[in-house]
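Okay, so here's the structure we're looking at.
The values are calculated or read from the model by the stated rules, or taken from the named source; none is laboratory data. Not measured: the values here are computed from a predicted model. Don't worry about glycine lacking a Cβ; one is built from the backbone with ideal geometry, like all the others, and counts go over all protein chains shown.
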Amino acid sequence: MEGKIDFKFFVVGVGLPRTGTSSTKAALEILLPGKCMHMSEVYKDANTAMNELYNNDVSDTEFHKYFEKYNYVAGLDIPFITKYEQAMRVFPDALVLLTVRDPEGWVRSMKNTLCNLHGDKSIYLRFPYCLYLWIYTGTRRVYEYLKNNGPSAEATRCINNGNGTEYFNQYIEEMKAKIPAERLLVFNVKEGWKPLCDALGLPIPNQPFPNVNDMQKFQNRRIRKRKVISWAIFIVGLTTPLLIGYGLKRHFATDSLINIQDYLYGLYQRL
């Protein structure tokens, strides 16, 4: 497979969500000359190419071209980890990064974030936001894929069944057994810059290691986003008929039903 000489993919992440992947993404984007694929990228741009990548079996050449085209030089978290084996094959020189944390803390974090992603009880938060996801096809398709595929879906099922800690430990050991030791870095964000920079052969930046997306911030941001979107949909849905009605009233000198029917029929004829 041929690719541009100047493109290099540096890090294949295999760590589960809620293992410091957001902080690690921020760190990698400080260290590396490009972007890091992460679940947060889905919110920003669930484009057609991303849907094709994660909803279909793409060739190695297509896989390479996608990351090169959008300047992704690393990948972490879902949905990327559902394709980690292909990524390891396509980018054989990339470091494989297994982010870890204490299993009990991971289970608590998952319960309060991803496992409860649609757990809002308020109808004004749930219904309009679900309508938004239904309309925003790109995001919805990736969500549908993740709901039934990969370790995130399996992790959620195990946590809901009370087997979260066992699943986490088993996953870590499975990754250690599958991945050649010379390519693998087991990394906890509490270790900071040094192990990550050493593994990549890069100098340590003169700034603190990023600390983003803790559990409370995740919950607050999710609720705030849903409130904004839900209220926007509510306001648009309420005001649009009123504005249409006001426009029709201004257009016609009378409230004649016949005139309105003729006007609407004329619009239909021009479609």
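Overview of values
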read-out	value
Of all residues making up the stretch 83-112, the number that are polar (S, T, N, Q) and at pLDDT 90 or above	2
Check on residue 54, surrounded by fewer than 16 Cβ atoms within 10 Å (Cβ to Cβ), modelled with pLDDT under 95, touching a helix residue (DSSP H, G or I) at 6+ places or on another chain (Cβ under 9 Å) and part of a helix (DSSP H, G or I)	no
Number of the condition not met by residue 186 [criteria: (1) in contact with a helix residue (DSSP H, G or I) (Cβ under 9 Å, 6 or more places away or on another chain); (2) hydrophobic (A, V, I, L, M, F, W, C); (3) part of a helix (DSSP H, G or I)]	(3)
Residue match in the stretch 113-123 (condition: modelled with pLDDT under 60 and either buried (at least 16 other Cβ atoms within 10 Å of the Cβ) or touching a helix residue (DSSP H, G or I) at 6+ places or on another chain (Cβ under 6 Å) (or both))	yes
